[in-house]
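The values are calculated or read from the model by the stated rules, or taken from the named source; none is laboratory data. As the structure is a prediction and not an experimental result, all values here were calculated from the model. Neighbour counts run over all protein chains shown; Cβ positions are idealised from the backbone, glycine included.
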């Protein structure tokens, strides 16, 4: 019975570490760029768009191109956030590849 109790306490400790990591990830801000820095976006760890910076050169383009650049910059930021989140989780889990929303069933 001691092994099971020990396993449960380790699982609970891991769950607490995961919660801490999730809170840390929410505080992360990443930048995404498109068009050779024509458009930059800042995205928070919980995928909230914080800012969009459109260069003067990009403003000379048509609306459709600007829209495409914003979307590309957001997607770049999203990829950067996934990488950064994975790094943070890896620190907590010791390299286990767990999803960011991992929860134990208790």
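Taking the listed residues 51, 9, the one that is out of contact with any helix residue (DSSP H, G or I) (no Cβ under 9 Å at 6 or more places or on another chain) and closer than 16 Å to residue 71 by Cβ is 51, with no other qualifying. Scanning segment 34-70 for residues being free of Cβ contacts under 8 Å to residues at least 12 places away in the same chain and under 27 Å from residue 88 (Cα atoms) gives a total of 2.
Every residue, every condition in (1) under 13 Å from residue 74 (Cβ atoms); (2) touching a strand residue (DSSP E or B) at 6+ places or on another chain (Cβ under 7 Å); (3) at pLDDT 80 or above; (4) surrounded by 14 or more Cβ atoms within 10 Å (Cβ to Cβ), yes or no:
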{"residue": "2", "(1), (2), (3), (4)": "no, no, no, no"}
{"residue": "6", "(1), (2), (3), (4)": "no, no, yes, no"}
{"residue": "14", "(1), (2), (3), (4)": "no, no, no, yes"}
{"residue": "19", "(1), (2), (3), (4)": "no, no, yes, no"}
{"residue": "23", "(1), (2), (3), (4)": "no, no, yes, no"}
{"residue": "27", "(1), (2), (3), (4)": "no, no, yes, no"}
{"residue": "35", "(1), (2), (3), (4)": "yes, no, yes, yes"}
{"residue": "39", "(1), (2), (3), (4)": "yes, yes, yes, yes"}
{"residue": "42", "(1), (2), (3), (4)": "yes, yes, yes, yes"}
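A Cβ distance below 8 Å, combined with a sequence gap of six or more or placement on separate chains, defines the contacts here; from segment 78-92, residues that are modelled with pLDDT of 90 or more reach residues that are part of a helix (DSSP H, G or I) in the pairs 84/25.
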